[in-house]
Every structure is written in C-alpha cells, then in structure tokens.
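Remarks on the structure that follows.
The values are calculated or read from the model by the stated rules, or taken from the named source; none is laboratory data. Please read all numbers here as calculations on a predicted model, not as lab measurements. A quick note on method: Cβ atoms are made from the backbone with ideal geometry, for glycine too, and the neighbour counts reach across all protein chains shown. The accessibility values were calculated without ligands, DNA or RNA, using every heavy atom of the protein model including side chains. Shrake-Rupley method; radii C 1.70, N 1.55, O 1.52, S 1.80 Å.
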Amino acid sequence: MNRSEQPSEGVELDEYLRKLCSDVTLHSPKDGFFNHYVEQIDAQISHHFLKKFGKLGSDEERLRTTWGVKPIHTLKVQSFYKQKSRKVSETRRAEGNRAFQEKKNQQALVLYSQAVMRAPHDDGASLALAYANRSAVLFHMKQFELCLTDIELAIQASYPSNLMFKVLDRRGQCLRQLGQHNDALQAFTAAFQALGTAALDDKKLQSWKKDISAKIRLCQEKDNNGEPPPPPKQDTGAAVFEGPNSALPNASAAISIQVSPDEGRYAVVTRNVPAGQVLMAERPYAAILMDNKSGTHCQHCYNRLVSAVPCRWCSGVAFCSPRCRDLALATYHRWECKFLDLLKGSGVSLNCYLALRVVTQHGLPFFKKLRRRLQEPATLPTASSPHRPDDYMTFYHLVGLEEQRSSKDFFQRSLVATFLLKVLQRADFFGKWDDEGAPDKDLTEEELLVGGLLLRHLQVIQFNAHELSGMSFAGGMNNYRETKSVFLGLAVYPTVAFCNHSCFPAVTRYFEGDRMVIVSLRPLRPGDVVAENYGPIFTHQPRQERHRKLLSRYWFKCGCEACEEDWPIYANMADRKVLRCQKCKSPLPPRGQTQSHVKCRECGSSNNAVAAFKTVEQAEKFYVAACKHMEEGQREEAISSFTRFLDVVSDLVVPPLREMHLAMQSLRLLIASRGTIHTYDIPTKR
C-alpha cells in the first residue's frame with residue numbers, strides 16, 4: 001500500500017475501507033500486472049477529467065470515453081495459455097506405466113491423467129495411448145463406467161489398429177461387470193475380430209483367441225443381457241417446502257417478494273415455516289471455477305474430477321466428461337481458452353472472470369438481439385409474469401448501486417471492462433481480429449454494446465455474487481463438528497439474490513454440485529424476512545465491527561434486530577431466558593416469585609409463564625439428544641432433534657439465548673454436509 005493511499009485525518013475510515021474493498025473486487029493490490037497498469041493510468045488522469053467522467057449517464061458512454069484515453073492502449077493483449085506437449089505427455093505416460101506395474105493405482109491414475117491433459121489432439125497416438133492406459137487403471141480400480149468412457153475416447157483419438165483388441169476386450173469386461181452381457185458379447189466379438197490385425201506372435205495370438213472365445217461363450221449363456229439394466233437415475237435434489245412458487249419457480253410457495261426504498265426487493269415468508277425447510281433451490285445463472293481448482297474440479301459442472309477430459313486446445317482446464325467438455329467448447333471456453341493465463345497473470349479478480357463469462361456463455365448474436373430489451377424496467381414477479389432466473393434481463397436488473405458510485409470507481413471499472421473487451425477482440429468474438437490494425441481504433445457498435453454490458457456486470461457482480469462451495473470433513477467421516485467449507489468458485493443465483501442480510505440469519509445454504517439450496521435455520525412467521533448472512537454474525541463480532549465490514553463491502557448499514565438491540569456476542573450472553581408474549585411475540589417482563597402469569601406490556605394479554613418455562617425445559621431434551629446424535633455421526637437424527645428444539649424455543653423465548661444459537665450453528669454444519677462432499681480428511685494414527 002502506498003503512503004498516499006493510507007487514511008489521513010481528513011479521510012473517514014469507513015470511506016477508506018469502502019474504497020479498499022471495492023478495489024479488491026476488481027484486482028489484486030499486489031499480484032499481477034493490472035494494479036501497476038491502473039497506477040500508471042491514474043497518474044495521467046486529471047481531476048477535471050474525472051469530474052466530467054462522473055457526469056456521464058450510461059455505461060456505454062463511460063466505456064467509449066475510457067476507450068478514448070490514449071494511455072490505456074499501452075496494455076497489449078495477446079493469447080497466453082498452457083499449450084499441449086507430446087513430449088511431456090509421453091513422459092507422464094511412461095511414469096504412469098511404472099506406477100501401474102508397481103500396483104500404485106492412484107499414482108498411476110494421476111500420471112495418466114497428466115498425460116491425457118498434455119497430449120496434442122492432432123499429433124500422433126499420444127492421446128489415444130494415454131486414454132487407453134488410463135482405462136486400464138480405472139478398470140483395476142473398479143471404475144467401470146469411467147473406464148468405458150476412456151475406451152471410447154481412445155478409439156475416437158485413432159487408437160492403433162494393431163492394439164485395438166486390448167481396449168475392445170477391456171470394454172467387454174467392463175460391460176460384463178455392469179451386467180450388460182449382450183453388449184459385452186458384441187464387444188468381445190469385435191475384440192476377437194480385431195485380433196486379425198494384432199501384432200502378436202502365434203503363441204500369444206492363440207492364447208488371446210482362447211481367452212476371448214471363453215468370454216464369448218459365457219456371455220452367450222446369459223439371457224439377453226442377463227440382469228435387467230439399472231433403473232434410470234432419478235433427480236434426488238432437494239424439493240422446496242410446500243411446492244414451487246408460481247411467481248418464483250426456484251422458491252417455495254411460502255415466499256413472496258416485497259419492495260421498499262431502503263431494502264430494495266427482498267424475500268419474505270407468507271406463512272409459518274418450521275426450521276429445517278428448503279425455501280429455495282437454484283442453479284447459477286453464471287459461474288466461474290477458481291483457477292487453483294482447475295486441476296481437481298470440472299470446469300463446467302464443478303464436480304470433483306476422477307479422470308479428467310481435456311480441452312482440445314489448451315492444457316489449462318479439465319472436464320469430468322466429454323459432455324461437459326463439448327458444452328464448454330461450444331460456448332464460453334472457445335473464447336476464453338487461449339487467454340486464461342493472461343487473465344491469471346493480470347491479477348484481476350474472480351468477479352472480472354465472472355463478468356466475462358456472462359458474455360462468453362451467450363455469444364455475440366445473443367447480445368445483438370438484446371439491445372431493445374435493455375431499456376425495459378425491472379418488474380416484480382407475479383403468477384402471470386413469473387421470475388425468470390435464466391433470463392439475462394433478470395441478471396442485468398440486479399442491484400449495482402450505481403447511484404452511490406464515485407467517478408473514480410466508475411473509471412476503475414471501465415478500465416477493467418476495456419481490458420476484458422480487448423480480450424474478446426483478440427479472441428475473434430466480434431469477427432477476425434486484424435493484428436495489423438491500430439489497437440485504439442474506434443469501437444464498432446457491437447463492441448461498444450458488449451463493453452458497456454461488461455461494465456454493468458462488474459457493478460452487479462460486486463454485490464450479488466455468491467461463493468460456490470462444497471464441504472470437507474476436517475476430522476474424519478461423520479465428524480460434523482469439524483466440517484469446513486471448500487471454496488470452489490463464484491456464481492450468481494438470481495432468486496437467492498432476493499435474500500437480504502441479517503446478523504441473525506434466518507437461513508443457511510448447501511450445494512448439490514452447483515445447485516444452491518437455501519434452508520430455514522429457525523422457524524419463521526408470516527412477514528419474516530428470508531435473511532441470509534453475508535459474513536459478519538452477531539455471535540462472533542460486536543455491532544461496530546459488523547457495521548464497518550458491511551459498510552465497506554456491501555455499502556449498507558444493517559438494521560436487523562441483533563443490530564437494533566445491540567445483542568451481545570456469544571461469550572457475553574446472560575444466562576437467562578426472556579419469554580415471548582404468545583399473542584404479539586414481544587418480550588415479557590420478568591415473572592415474580594409468586595406469579596404464574598405475566599401481563600404483556602405491549603398488548604396487555606396474560607401469559608402462563610410457568611407453563612412456558614416447563615415447555616422450554618422439556619424441549620431442552622431435544623437439544624441434548626441432538627448433540628448426542630451429532631457426536632455419534634447420526635446426521636439426520638441430529639437435524640430432526642435440533643429443529644424440534646428450535647421450533648419450540650424460538651416460539652417461546654426471545655433471543656439471544658446461548659442454546660438457541662449453538663443449536664443453529666450445529667444445524668448449519670449438519671445441513672451443509674447434506675451437500676457435495678469433497679474429501680474425508682481422516683487423520684492417520686501416529
């Protein structure tokens with residue numbers, strides 16, 4: 001950090017932190033070349049220019065004006081990516097062969113996968129041999145379906161005809177293991193025929209013929225595939241509480257959207273919702289994988305890789321299947337492929353990758369047809385005009401707080417947008433790029449449109465992107481108290497974006513792949529806000545610290561009940577229970593020693609305090625049982641007991657209450673572990 005950027009006596013700390021957080025959503029302050037580039041441009045921009053820039057009325061005007069600043073074109077954009085290497089591929093395959101011979105299957109799988117990733121797609125048999133060798137280790141690891149995929153990929157990559165009998169025989173063995181005997185018969189028959197081109201001496205040839213003939217006879221003895229094929233996989237994803245909403249397809253029927261000048265558009269419940277109910281379930285409108293996960297997770301569906309399928313052109317990303325690869329190559333990756341290492345080296349944030357991804361996943365024709373719709377105002381979803389989370393306009397109209405942005409902030413985001421636009425130009429997104437042309441030539445109408453939208457994306461994503469994650473067991477399988485989140489990437493969920501923040505959150509989340517599932521953490525009553533937590537939670541951080549973080553990162557002052565009443569952090573909570581009025585839910589005054597009933601100061605109703613305390617005492621048995629279930633690794637039993645405890649206690653007792661918040665924290669961990677689990681980190685004995 002430069003001294004000139006540090007807060008002085010005349011600069012409010014909150015404003016300084018706000019700028020610092022805003023800058024980080026664009027680029028790293030120390031890694032990559034983009035920060036240095038911005039400093040160079042800033043040094044050449046006058047206060048007068050920024051003052052005029054701040055008066056511009058549209059993102060296209062801001063983009064056009066920024067493009068006219070000559071120094072920005074000193075940044076040269078060229079393709080930079082991890083290329084294929086036949087030599088590296090063959091070296092890794094040889095290392096994989098040695099590991100496989102030594103029965104080190106996991107090590108062999110990794111090495112063969114590296115061989116697959118680096119093999120050129122149009123240069124010799126390296127790719128086919130790498131796939132075939134990996135299919136062998138997958139077969140030994142009993143990963144039969146993945147083995148079949150690799151065999152098919154090896155054949156598509158022109159596997160040598162003199163070796164074809166080997167992979168066809170392996171295909172037959174996989175199919176037989178899967179109970180598909182008729183298909184196995186066809187594979188073994190093809191393998192027998194392929195022996196005609198095999199480069200084998202007579203002794204080995206006769207041995208192979210005898211072995212395959214025996215397998216053919218075994219298959220012929222089975223009735224038409226023997227066992228029935230497995231039933232098709234059913235969608236086991238979480239179903240929303242009381243069915244889907246006619247106005248919000250990815251939300252529960254118990255939710256509606258309200259709007260206010262201070263809160264914007266936000267979700268509330270319209271009826272009683274118990275704890276532990278699914279209120280939203282949504283796939284992202286757009287998502288991006290973290291760069292450091294590109295070797296362990298699928299670039300397209302974000303599932304963990306077992307046997308990577310590579311891009312046809314670069315070695316920088318991997319896919320879990322040919323289907324994911326083909327979908328990516330047909331859309332976003334065809335434009336991004338040869339510039340991924342440039343983006344990485346620039347130091348721009350994941351937000352910027354995601355802003356670019358929204359463009360590349362659609363393509364230019366989509367945006368050319370969209371121009372007229374950009375003038376349409378945002379509307380509240382209704383049953384006759386439901387929310388469309390897969391519609392670009394839904395994403396476009398998410399809050400960007402442009403009315404609060406400074407001219408400097410707009411200019412910095414415009415610099416990033418021009419950089420991303422230059423990447424698209426060099427990727428031939430707008431047509432064949434002329435390398436001989438001037439880099440600062442006037443923008444076409446199409447380039448200006450997309451550049452302006454990139455700038456809009458950078459504003460929207462700043463406040464609406466969610467972490468895409470999975471879970472890991474840090475202390476061994478079913479040790480729910482030591483689970484941890486595995487950060488995979490960034491995504492935008494248009495329905496979940498209706499959830500405002502609370503330091504006393506009403507919901508938690510988990511992930512089924514890239515599908516986010518929102519679950520109630522405590523019982524909700526009609527009119528309650530479906531509030532998630534953006535980071536600061538009252539049990540861990542005092543109000544001033546929470547407010548500073550939220551003002552810096554999200555530009556608002558929280559007015560939730562924990563902030564309004566300045567609840568103490570967990571360590572400072574009083575060890576006492578304050579009852580609720582059962583009519584208006586207000587806090588009741590303390591009960592006298594001889595009193596059985598207490599009169600509410602707000603509505604005047606009489607409440608049986610003795611009966612309420614007795615009910616709470618009985619509910620605490622559910623809490624004790626839930627803790628026991630959790631320690632014993634019984635997740636669903638623990639969830640059931642914690643929700644029963646919370647349903648009762650939340651209705652009778654006013655928070656904060658230690659047991660209530662401990663139950664909610666435990667419930668959050670248990671619910672998160674319903675999602676995608678990435679590792680079971682079981683510690684080894686010493």
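The residues of the chain expose on average 49 square angstrom of accessible surface per residue, using a 1.4 Å probe on protein heavy atoms.
The listed residues D528, D202 rank as D202, D528 when sorted by accessible area, largest first, using a 1.4 Å probe.
Between V624 and R283, take the C-beta separation as r, use R0 = 41 Å, and let me know the FRET efficiency to the nearest 0.05.
On the way: r = 39 Å, r/R0 = 0.94.
Between V624 and R283 the formula returns 0.60.
Take every Cα pair under 8 Å whose residues are at least 6 apart in sequence, average their separation, divide by the length of the range 359-482, and the relative contact order is 32 percent.
For the range 336-395, place one equal point scatterer on every Cα, skip the solvent, and apply the Debye formula. What is log10 of I(q)/I(0) at q = 0.13, 0.15, 0.18, 0.25 Å⁻¹? Each listed q corresponds, in turn, to -0.51, -0.64, -0.80, -1.09. Taking amide H as placed 1.01 Å from N in the peptide plane, the amide H of A253 sits under 5 Å from that of G243, N245, each at least 5 places away or on another chain.
In this structure E445 has an accessible area near 130 Å², from a 1.4 Å probe over the protein heavy atoms. Per-residue packing, averaged as other Cβ atoms within 10 Å, sorts the ranges 47-56, 212-221, 329-338 into the order 329-338, 212-221, 47-56, beginning with the highest. Principal-axis analysis of the Cα atoms of the chain puts helix 34-43 at an angle of about 60° to the longest axis. A simple rule links phi to the HN-Hα coupling: the Karplus curve 6.51 cos²θ - 1.76 cosθ + 1.60 with θ = phi - 60°, which for the range 247-262 gives 9, 10, x, 9, 10, 5, 5, 8, 10, 9, 10, 10, 9, 8, x, 8 Hz, with x for Gly and Pro.
Peptides 669-679, 359-369 ranked from most to least packed give 669-679, 359-369, packing being the mean of other C-beta atoms within 10 angstrom over each peptide's residues.
How much FRET efficiency would the formula 1/(1 + (r/R0)^6) give for Q156 and E39, where r is the Cβ-Cβ distance and R0 is 30 Å, rounded to 0.05? Please list the in-between numbers first.
Values: r = 49 Å, r/R0 = 1.65.
About 0.05, to the nearest 0.05.
Here the spin labels are modelled as points 7 Å beyond Cα on the Cα-Cβ line, and at E145 and E637 they lie 3.1 nm apart.
Distances between placed amide hydrogens fall under 5 Å for H597 paired with A609, all partners being 5 or more residues away or on another chain.
Measuring nothing but how far apart in sequence close Cα pairs (under 8 Å, 6+ apart) lie, relative to its length, the range 432-526 scores a relative contact order of 19 percent.
Got a number for carbon plus sulfur as a percent of the chain's accessible area, 1.4 Å probe?
Working: 16310 of 33450 Å².
The computed percentage sits at 49.
Quick check: from the Cα gyration tensor, does the chain come out rounded (a/c under 1.5), prolate or oblate? The shape class here is oblate. Taking amide H as placed 1.01 Å from N in the peptide plane, the amide H of T382 sits under 5 Å from that of H387, each at least 5 places away or on another chain.
Computed from phi, the 3J(HN,Hα) profile of the range 108-118 under the Karplus parametrisation 6.51, -1.76, 1.60 (θ = phi - 60°) reads 4, 4, 5, 5, 5, 5, 5, 5, 4, 5, 8 Hz, with x in place of Gly and Pro. For the chain, the relative contact order works out to 15 percent when only alpha carbon pairs closer than 8 Å and six or more residues apart are counted. Phi angles of the range 352-360 translate, via the Karplus equation with coefficients 6.51, -1.76, 1.60 and θ = phi - 60°, into HN-Hα couplings of 5, 4, 5, 4, 5, 4, 4, 6, 5 Hz per residue; Gly and Pro are given as x. Calculated [222 nm] ellipticity per residue, helices only, for the chain: -13500 deg cm²/dmol; basis is -39500 (n - 2.57) per DSSP H run with n ≥ 4, divided by all residues, nearest 500. Each peptide in 250-263, 601-614, 291-304 gets a packing score, the mean of other Cβ atoms within 10 Å over its residues, and the list from highest to lowest is 291-304, 250-263, 601-614. To the nearest ten degrees, helix 609-631 and the longest principal axis of the Cα atoms of the chain are 20 degrees apart. Note on Q595 and M477: their simple-model spin labels are 5.5 nm apart, each label 7 Å out from Cα toward Cβ.
Rounded to the nearest 0.05, the FRET efficiency derived from the C-beta distance between D291 and E467 at R0 = 22 Å is 0.90. The C-alpha atoms of the chain define a longest principal axis, and helix 445-464 lies at about 60 degrees to it.
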